[in-house]
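Working notes, structure below.
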Amino acid sequence: MTLVQRLLVAPAAFALLAPLAVVNSSVASPAELNINGVSDYAASADQVTSVTQFSDVYPTDWAYQALANLVEQYGCVAGYPNGTFRGNRAMTRYEAAALLNACLDRITEVTDELRRLLKEFETELAILKGRVDGLEARVGELEATQFSTTTKLKGKADWVFGAAKANGRGSDAFEAANGGTSFSYNLALNLETSFTGKDLLYTRLRAGNMNNVYTGLFSQEYGFDSGNTVKVNRMWYSFPVGENFTVVGGPMVRMDDMLPVWPSAYPSAMTYDFFTYAGAPGVYNLALGAGAGVYWKSDDFSISTSYLSTNGNLSDPNTGGLGTDGADFSATTQIAYAPENWGIAAGYTKASGNGEKLYIGNANPQAAIASGLGSQTNSAGLSAWWTPEDSGWIPSISTGVGTTWFDGSDTDGYSASWYVGLEWDDVFLEGNSFGMAVGQPTFVASVDGDAVEDGAGYAWEFFYKFQVTDNISVTPAITYLSKPFPSQDSNGMNAMSGLIKTQFKF
């Protein structure tokens, strides 16, 4: 008897024969047997196909499920032709033999079918066995050579070939020091380590030689210049506290690392740096330094708060530290509601930093200077986004607006910014995407209660992303800045740039 037969027969045998050893007085001797009754019992194989056919068996009976399995799952007959089971009647050995024989007949049928299938698919099974053996060998090799059982390495390399051209009044002086054709790279190696499956130790090693095509307002988001040396660009640790709270912090943590929700669906690593900040650069300033934050998230709703100092590694309280007079700090609070394909977020940031409260890469020169007039700045922003459930003519939409108040000893006022970003998925070919964005980088809107009429120009960008493979993409892009310097009128300088970015992910 095979192992399968033993497993199937054993429960029935023990259940049916065990009472014979306990209640000897109820076991009939051969002389007392009703041979015709036993024959009728054994012959009922074609009559019972469901336990509900037994007139004297009810769902409340303690052995109801066992009988159902015997009759319906295993095909064993356990009743009499008159439609009764007689569960309280003692079983004779002949009746037990008849029941076991019916079960064995069924098992034999299954076994014969399995033998036939094994014979029919013998070649395919041999191939599968060979593949499994090969996979086991490869898994063994990987386990023997992996550098860590807890760490994953994720990397990307950006190659950017680009050039820019300025036109109008003042373009000659500008192009004398900017705008040449360049070919540069950015490399980021991300090490993600988890010790419990819920925590994360994040380390980023970064190198690059990008001069950002242009500088200042013309910066590219992914631009990084380390002089071709590898630097530790990020190092932080996050872990859950209870079901809804998460703590994030470290000696090299960026403001957005401590947010549960990034308030935009527009790609964050395309071209102009300005479009990275969800329309509110004063709030989402992407400051990098030493600090910590905590956020609470339940379903689609979240609240977060964080603090960091960009010079928090210094021990001199006059020039750095955490919570000191010399700390260049950024403290951010965000409230967000983000269901599956849309969301809205409001943020507030208080910042201080020796004349550079705003990241200059997203502000025009006047706004950058104004941000340093006071000892502190206060910024507020409101951002929203929506993505369609299916790719088509309707794009994802991201928008945001922000303002920053500055208060100096002689001058006070506020600056403003806004943007709208659109992206279409699967354009022309599946996996490719097309996008565009427009907005006004941070500009001074009011000084000492008076509106600033010069305002600022507009920033535009258009890109088409070719997804060559799962790991390689090529993105041509065109960007345009109108009136980047508010002191100039409509006849002033404007600038256009073109670039091709190739990204490798591994």
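The values are calculated or read from the model by the stated rules, or taken from the named source; none is laboratory data. If you're wondering where the values come from, they're calculated on a predicted model, not measured in any experiment. Positions of Cβ are backbone-derived with ideal geometry, glycine not excepted, and every protein chain shown enters the neighbour counts. The accessibility values were calculated without ligands, DNA or RNA, using every heavy atom of the protein model including side chains. Shrake-Rupley method; radii C 1.70, N 1.55, O 1.52, S 1.80 Å.
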Checklist entry - Residue check, Gly321 against (1) open to solvent by 20 Å² or more (accessible area, probe 1.4 Å); (2) touching a strand residue (DSSP E or B) at 6+ places or on another chain (Cβ under 9 Å), all met but one. Which one? => result (1)
Checklist entry - Do we find that Ala384 is closer than 30 Å to Gln366 by Cβ, aliphatic (A, V, I, L, M) and either touching a helix residue (DSSP H, G or I) at 6+ places or on another chain (Cβ under 8 Å) or at pLDDT below 95 (or both) in this structure? => result no
Checklist entry - Is it the case that Leu142 is exposed (fewer than 10 other Cβ atoms within 10 Å of the Cβ), out of contact with any helix residue (DSSP H, G or I) (no Cβ under 7 Å at 6 or more places or on another chain) and closer than 30 Å to Leu191 by Cβ? => result yes
Checklist entry - Under the condition of being under 20 Å from Tyr277 (Cα atoms) and β-branched (Val, Ile, Thr), which residue from the stretch 308-337 is modelled with the lowest pLDDT? => result Thr310
Item to check | One residue from Ala166, Ala98 being open to solvent by less than 70 Å² (accessible area, probe 1.4 Å), in contact with a helix residue (DSSP H, G or I) (Cβ under 6 Å, 6 or more places away or on another chain) and over 30 Å from Asn186 (Cα atoms) | outcome: Ala98
Next on the checklist: Condition first: under 20 Å from Asn69 (Cβ atoms), part of a loop (DSSP other than H, G, I, E, B) and open to solvent by less than 80 Å² (accessible area, probe 1.4 Å). Now tell me which residues in the stretch 81-95 satisfy that.
Outcome noted: Gly83, Thr84, Phe85, Gly87, Met91
Item to check | Residue in the stretch 240-255 that is polar (S, T, N, Q) and part of a helix (DSSP H, G or I) present | outcome: no
Checklist entry - For the stretch 192-200, does any single residue satisfy the condition of being open to solvent by 30 Å² or more (accessible area, probe 1.4 Å), without any contact (Cβ under 8 Å) to a residue 60 or more places away in the chain, assigned to a strand (DSSP E or B) and closer than 30 Å to Asp300 by Cα? => result yes
Next on the checklist: Please count how many residues of the stretch 156-175 are more than 24 Å from Ala477 (Cα to Cα) and assigned to a loop (DSSP other than H, G, I, E, B).
Outcome noted: 1
Checklist entry - Give me the pairs: first residue in the stretch 227-240 and under 17 Å from Leu191 (Cβ atoms), second residue open to solvent by 70 Å² or more (accessible area, probe 1.4 Å) and in a strand (DSSP E or B), beta-carbon distance under 7 Å, and six or more apart or on different chains, which are they? => result Met235/Pro251
Checklist outcome for this item: When (1) open to solvent by less than 80 Å² (accessible area, probe 1.4 Å); (2) part of a strand (DSSP E or B) are applied to Leu153, the one that fails is (1)
Item to check | Answer residue from the stretch 201-218, given it is assigned to a loop (DSSP other than H, G, I, E, B) and either modelled with pLDDT under 70 or in contact with a His (Cβ under 9 Å, 6 or more places away or on another chain) (or both) and is most open to solvent (accessible area, probe 1.4 Å) among those | outcome: Thr215
Checklist entry - Going by the structure shown, is Gly498 part of a strand (DSSP E or B), closer than 22 Å to Ala157 by Cα and open to solvent by less than 60 Å² (accessible area, probe 1.4 Å)? => result yes
